[in-house]
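S.K.: One structure follows; several queries about it will come next.
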Amino acid sequence: MAKEQQPVGNGAELFIRALENEGVKYIFAVPGEENLAFLDALRNSSIELVLNRHEQAAGFMAATYGRLTGQVGVCLSTLGPGATNLVTAAAYAQLGGMPMMMISGQKPIKSSKQGLFQILDVVDLMRPLTKYTRQISNANTIPAKVREAFRLASEERPGAVHLELPEDIAAEQPARDTHIFQPSDARRPSASGKSLEMACDMLREARHPLIMIGAGANRKRVSQALLHLVNVTGIPFFTTQMGKGVVDERHPGYLGNAALSAGDFVHCAIDRADLVINVGHDVVEKPPFFMTPGGKKVIHVNFSGADVDPVYFPQHEVVGDIANSVEYLAEHCGQCESHDFSGLMEIKKAVDAHLQERAEDGRFPVIPQRIVHDVRQVMPDDGIIALDNGMYKLWFARNYPAYDNNTVLLDNALASMGAGLPSGMMAAMLYPHLKVMAICGDGGFMMNSQELETAVRLKLNLVVLIINDSAYGMIKWKQAQEGYADYGLDYRNPDFVTYAQSYGAKGHRVTRTEDLRLTLESALAEGGVHLVEVPVDYSENRRVFDEELAELTCRL
């Protein structure tokens with residue numbers, strides 16, 4: 001439905017007005033000369049410009065805004081190299097199901113004074129990475145293209161969209177009758193009654209059902225519905241990495257997190273189950289189990305149908321609003337006397353005991369279990385940790401109990417290094433009253449470390465914990481696991497304390513294990529931007545993941 005609007009001076013002003021109409025609050029940006037008309041229109045708008053130091057970080061922040069709010073996060077770059085720097089963030093949002101819009105500039109398209117200088121076909125570049133990508137070639141079409149882009153970015157499964165605004169179109173005066181389109185109030189359809197009843201029948205017939213919670217369930221309504229389901233039916237549950245916290249992991253039915261690909265305690269539980277109710281997971285996340293013909297049955301509960309894959313081909317699908325579907329199962333399937341969870345709960349006992357081992361180990365450098373333990377001790381129930389990608393991510397996924405949805409921000413879809421700091425910054429911006437910690441390896445931190453300046457300039461309350469092994473630690477673990485020689489993965493780091501101070505942040509170096517918790521507590525309490533460096537002893541990777549788990553889980 002169209003709404004009458006006052007005339008605007010040019011295409012850039014019309015674009016900004018359309019964004020305001022969509023409820024946009026922030027634009028994360030590294031502008032260029034091709035964006036100057038847009039920037040000037042933004043100056044007079046209600047939208048806040050957040051100036052970043054690299055386009056990739058701007059994109060990560062916009063994607064995380066979408067992840068946390070469910071609304072479309074917006075980022076801006078210039079043409080050419082600015083647009084190509086958004087590519088990783090586009091893939092991050094697209095694979096992670098995060099609603100995000102990218103706006104890139106371009107030279108004039110109706111005349112050229114610089115030949116092909118800096119010109120790439122950015123629209124074609126973005127096509128495989130987005131749900132929608134268009135060049136705007138007429139100012140009159142701006143409102144329609146913005147509305148369509150927002151609609152597609154938000155619709156399930158959410159993802160990335162892109163619009164290119166050339167200089168001459170930004171300066172072009174739209175027709176006086178050009179109008180802005182109001183967002184529609186479309187509701188997600190509910191699953192059919194027949195598919196829901198069939199799911200209940202399969203659940204009643206099963207002996208050892210198990211619930212798997214994935215990234216698509218990370219919504220408040222779904223959390224509430226899932227809690228109702230596990231309480232009513234008593235069915236144990238586990239999570240993928242991106243499903244952490246959907247249900248409070250202190251719940252007695254929680255079996256653990258499928259952080260590893262195979263061979264962990266959770267995989268023993270999956271092997272024992274005869275039915276897996278898969279809520280909100282698809283194969284974009286690393287599959288936590290592999291289906292085989294004639295093996296266990298799987299019910300796919302999601303907003304959209306399953307992408308059939310050689311390792312994932314569910315026997316039944318419940319397609320529609322997840323919260324409504326799960327609530328129906330809770331209300332109508334009932335608790336079945338035929339269900340036997342004794343074997344699954346034996347595995348839970350083994351998991352719980354295993355995760356307590358060495359959690360308070362005092363050796364230095366600090367082992368991962370102690371780092372995870374101390375972080376959990378200092379973070380309040382509603383505190384948010386944002387994890388970059390590295391070896392420590394596996395330890396946090398397995399050992400760090402999450403108490404609420406979206407309190408553990410990690411990415412196991414694109415699994416890009418460099419996202420941890422910008423994601424933590426976005427959480428700190430949105431929730432200044434909460435305690436927020438970005439947890440990064442030294443490698444991932446250095447990929448966007450320049451954003452410390454942005455964090456300080458924005459006066460964020462953020463603790464950045466750097467887990468330092470002076471190497472690409474996860475790849476070293478894989479290198480050793482596969483029998484290769486230790487080669488090519490070690491490097492030198494800056495003095496992180498001095499580095500933080502050079503940006504106006506406060507730097508801390510942990511030199512004794514017993515100081516880690518105290519340092520983190522002090523930094524969280526003081527506020528402002530703090531960087532805490534802790535050296536890690538990663539010898540536990542091989543001992544636990546390669547040796548101990550192989551011995552322990554084969555007994556279960």
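Every number here is computed from the coordinates shown, using simple stated rules; none is lab data. All values derive from a computational prediction rather than experimental measurement. So basically every Cβ, Gly included, is an ideal-geometry build from the backbone, and we count neighbours across all protein chains shown.
S.K.: Within the stretch 363-381, whose backbone N sits under 19 Å from a point 7 Å along Cα→Cβ of residue 478?
M.R.: none
S.K.: Another question about this same structure. For labels at residue 434 and residue 525 in the simple 7 Å Cα→Cβ model, what's the distance in nm?
M.R.: With each label point 7 Å from Cα toward Cβ, the separation is 2.3 nm.
S.K.: Could you sort out which of 244/478; 393/506; 286/478; 220/244; 393/476; 393/478 sit more than 19 Å apart by Cα distance in this structure?
M.R.: 244/478; 393/506
S.K.: Rank the residues 210, 76 as a footprinting-exposure proxy: fewest other Cβ atoms within 10 Å of their Cβ go first.
M.R.: 210, 76
S.K.: For the stretch 301-312, take each phi angle, set θ = phi - 60°, evaluate the Karplus expression 6.51 cos²θ - 1.76 cosθ + 1.60, and give the result in whole Hz per residue in order, putting x for glycine and proline.
M.R.: Ordered by residue, 3J(HN,Hα) equals 10, 7, 5, 9, x, 6, 7, 5, 9, x, 10, 8 Hz.
S.K.: Which loop GluC sites (Glu not before Pro) in the stretch 299-385, with loop taken from DSSP, have no more than 10 other Cβ atoms within 10 angstrom of their Cβ?
M.R.: Qualifying residues, ordered by number: 337.
S.K.: Right, something else. In nanometres, what is the gap between the two model label sites at residue 353 and residue 198, each 7 Å from Cα along Cα-to-Cβ?
M.R.: Here the answer is 4.3 nm between the modelled labels.
S.K.: Give the Debye-formula value of log10 I(q)/I(0) at each listed q (0.20 Å⁻¹), with one equal scatterer per alpha carbon of the stretch 2-181, two decimals each.
M.R.: For the requested q values the scattering log ratios are -1.40.
S.K.: Expressed as a rounded percentage, what relative contact order does the chain have, with Cα pairs under 8 Å and six or more residues apart?
M.R.: 13
S.K.: Counting alpha carbon pairs within less than 8 Å and at least 6 residues apart, what relative contact order, in whole percent, applies to the stretch 2-181?
M.R.: 29
S.K.: Right, another one. I need the calculated FRET efficiency for the pair residue 205 and residue 251, taking r as the beta carbon distance and R₀ as 22 Å, to the nearest 0.05.
M.R.: Using R0 = 22 Å, I get an efficiency of 0.30.
S.K.: Same structure, new question: Could you check what % of the DSSP bridge pairs in the stretch 193-350 are antiparallel, to the nearest 5?
M.R.: DSSP beta bridges in the stretch 193-350 are roughly 5 percent antiparallel.
S.K.: Right, here's the next one. What do you get for chymotrypsin sites (Phe, Trp or Tyr not before Pro) in the stretch 470-533 restricted to DSSP loop and a cutoff of at most 12 other Cβ within 10 Å of the site's Cβ?
M.R.: Answer by residue number: 484, 487, 491.
S.K.: Taking 7 Å along the Cα-to-C-beta vector as the label spot, tell me the residue 311-residue 487 distance in nanometres, rounded to one decimal.
M.R.: Label at residue 311, label at residue 487, 2.8 nm between them.
S.K.: Where does the chain land at 222 nm, in deg cm²/dmol rounded to the nearest 500, when only DSSP H runs of n ≥ 4 count, each adding -39500 (n - 2.57), divided by all residues?
M.R.: Computed mean residue ellipticity for the chain: -11000 deg cm²/dmol.
S.K.: List, in order, the whole-Hz ³J(HN,Hα) value for each residue of the stretch 495-502 obtained from phi through the Karplus relation with A = 6.51, B = -1.76, C = 1.60 and θ = phi - 60°; use x for Gly and Pro.
M.R.: Working through the residues one at a time gives 6, 5, 5, 5, 4, 4, 5, 5 Hz.
S.K.: Where Rh is the Kirkwood radius over the Cα pairs of the chain, the temperature 25 °C and the viscosity 0.890 mPa s, what D in µm²/s does Stokes-Einstein return?
M.R.: 99
S.K.: Restricting to the stretch 2-181, compute how many DSSP beta bridges are antiparallel as a %, nearest 5.
M.R.: 10
S.K.: When all C-alpha to C-alpha distances in the stretch 193-350 are sorted into bins of 10 Å, what percent of pairs does each bin hold, rounded to whole numbers?
M.R.: All Cα pairs considered, the percentages come to 11, 47, 38, 4.
S.K.: Okay, next question. Quick one: 72, 232, 375, fewest Cβ neighbours within 10 Å first, how do they rank?
M.R.: In increasing order of surrounding Cβ atoms, one gets 232, 375, 72.
S.K.: Share of antiparallel DSSP beta bridges in the stretch 358-548, in percent to the nearest 5?
M.R.: Expressed as a percentage, antiparallel bridges in the stretch 358-548 total about 5.
S.K.: Another question, if that's okay. Among 549, 51, which comes first, then next, by fewest other beta-carbon atoms within 10 Å?
M.R.: In increasing order of surrounding Cβ atoms, one gets 51, 549.
S.K.: Here is a follow-up. If the cut-off is 30 Å between C-alpha atoms, which lysines fall inside it for residue 107, apart from same-chain ones fewer than 8 positions away?
M.R.: The qualifying lysines are 25, 131, 145.
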